[in-house]
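Shown next, in structure tokens, is the structure this report addresses.
The values are calculated or read from the model by the stated rules, or taken from the named source; none is laboratory data. As the structure is a prediction and not an experimental result, all values here were calculated from the model. These accessible areas exclude ligands, DNA and RNA; they are computed on the full protein's heavy atoms, side chains included. Shrake-Rupley method; radii C 1.70, N 1.55, O 1.52, S 1.80 Å.
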Amino acid sequence: MREVRARLAATQVEYISGKVFFTTCSDLNMLKKLKSAERLFLLIKKQFPLNVPSVNKGKIFNEMQNLVNDDPESWLNAISIWKNLLELDTKKGKLSQRDANPLKRKVEENDIINPKKLKTEQMQELQESRECQLEKEIEEETPEQDFLTKREKSQEAFQNDVVKAGDTQNQKDLTFRVSCRCSGAIAKTFTAQEVGRVIGIAVMKQFGWKADLRNPNLEIFIHLNDVYSVVGIPVFRVPLASRAYIKTAGLRSTIAWAMASLAEIKAGAFVLDPMCGLGTILLEAAKEWPDVYYVGADASDSQLLGACDNLKAAGLKDKIELLKVSVIELPLPSESVDIIISDIPFGKKFKLRKDIKSILQEMERVLHVGGTIVLLLSEDHHRRLQDCEQSSIPLNSEVSHTDELGIEKCLNPGEKTSIPETVSSSSEASNQEGLDKMLPFGSLVPVECYKVSLGRTDAFIYKYRKSHSFGL
């Protein structure tokens with residue numbers, strides 16, 4: 001939530017059951033900068049869930065078809081926005097290529113400025129003629145986060161734009177395919193393939209588009225569950241989470257960025273990842289917060305080699321220092337590190353030979369008072385850490401729970417207190433539930449805790465802040 005406010009100046013932000021709806025007029029270049037989203041969608045329709053308890057399957061099929069037939073104009077509106085965004089992006093790309101090569105310029109510098117100004121005015125006019133609502137989806141079953149765009153029906157200027165761009169002949173030239181995701185009661189009655197087939201037939205009959213499963217112009221995304229029915233169009237073919245600057249993938253980039261965001265990195269800080277692996281967390285952090293001293297450490301030669309290759313590919317070899325050391329024997333003075341961010345190995349690919357307690361004690365030693373630790377822990381680590389906390393609670397310690405947002409806090413690229421927050425009760429409950437289970441570990445005071453899903457495996461993001469000197 002905070003990232004879309006900070007990056008896109010989004011308004012009307014609303015959190016509903018794992019999705020965040022919001023309005024923005026940002027162009028594709030700004031949308032491409034989103035770090036916490038897996039995919040980006042233009043939102044066609046959002047409505048109440050289908051009435052699954054109905055015994056008659058035919059009635060449910062009719063409800064599915066009505067997602068298309070009840071309001072075909074909303075589909076044309078979304079197609080119009082999609083085309084306009086892509087056209088603006090293409091024109092801007094061509095303009096940038098022309099200006100980047102001075103040998104190909106056939107006009108004087110003053111002559112180039114006027115088209116640029118005209119280009120800016122055209123973009124402003126298009127942005128003013130429509131408002132887009134974007135939805136960022138933070139999945140409960142996967143860590144992927146999606147953004148969707150929704151049009152405002154009440155805007156006359158936008159409707160005029162739709163009429164011009166929604167030429168019938170052009171619409172019939174489109175090819176499409178349907179991707180469907182079902183969960184909850186609907187998934188017990190229908191398969192995703194059945195739903196996709198029903199929607200596909202309705203689209204062909206309504207708009208005359210042709211189905212193409214291999215290389216369509218357009219992909220239609222359907223998500224049906226017990227809370228809502230959502231229809232959208234992916235804006236980009238390549239997921240936003242596919243970072244071009246990462247040669248070898250390790251931890252999922254969206255999770256790595258979220259952890260770095262949660263750490264509240266400031267310029268000039270000393271940031272350490274004592275179990276850096278392929279360096280994904282440090283790469284994401286260095287790209288977003290460059291004026292920082294980053295150090296990655298690992299005991300594995302193969303992991304450090306992969307991290308080094310990633311640093312070279314990302315152009316960050318001079319920004320991040322790599323060390324081969326043990327996490328429980330860090331060659332650093334006590335209280336010398338500002339921030340520690342680390343993905344603790346789950347033990348499936350790399351065995352964690354040292355106890356989580358020993359690892360945390362060494363991190364506690366090198367962290368200065370007021371410093372922050374952000375960790376990604378497996379469920380097993382989570383249980384063991386709780387046992388450690390239960391057995392090592394200082395008598396005079398006090399647990400200070402914050403009232404910050406749950407998932408929204410993880411998605412903050414740079415916290416700004418001036419940004420208004422709309423707190424959902426489900427987010428607060430999730431964060432508070434995690435905090436209630438956290439106890440101090442020595443001088444480390446719990447700040448936030450979130451349960452996240454990594455596909456087949458669940459994990460926990462722990463955030464601590466050091467309250468006093470180690471050993472006191």
- Residues meeting the amide H criterion for Val447 (H placed from the backbone, H to H distance under 5 Å, 5 or more places apart or on another chain) are Lys463, Tyr464, Arg465
- Please say if the range 195-247 is rounded, prolate or oblate, where rounded means a/c under 1.5 for a ≥ b ≥ c the square roots of the C-alpha gyration tensor eigenvalues, and otherwise the choice is prolate for a/b larger than b/c and oblate otherwise? oblate
- Item | Scaled radius of gyration (Cα, divided by 2.2 N^0.38 Å) that the range 246-378 gives | 0.94
- Query: Hey, could you pull the Cα Rg and Dmax for the range 229-286, both in Å?
  - Reply: 14.3, 46
- Task: Keeping all protein chains in position, work out how much accessible area Glu194 exposes to a 1.4 Å probe, and write it in Å² to the nearest 10.
- Result: 60
- Message: Whole percent per 5 Å bin, from 0 to the bin with the longest distance: what is P(r) over all C-alpha pairs of the range 43-91?
- Response: 5, 18, 20, 16, 13, 10, 8, 5, 4, 2, 0
- Note on the structure: Per its Cα gyration tensor (rounded if a/c is under 1.5, else prolate when a/b beats b/c, else oblate), the range 2-80 is best filed as prolate
- Query: By its C-alpha gyration tensor, with a ≥ b ≥ c as the square roots of the eigenvalues, how is the range 259-321 shaped: rounded for a/c under 1.5, else prolate for a/b larger than b/c, else oblate?
  - Reply: prolate
- Message: Restricting to Cα atoms and excluding each atom paired with itself, what does the Kirkwood estimate give for the range 208-308 in Å?
- Response: 16.5
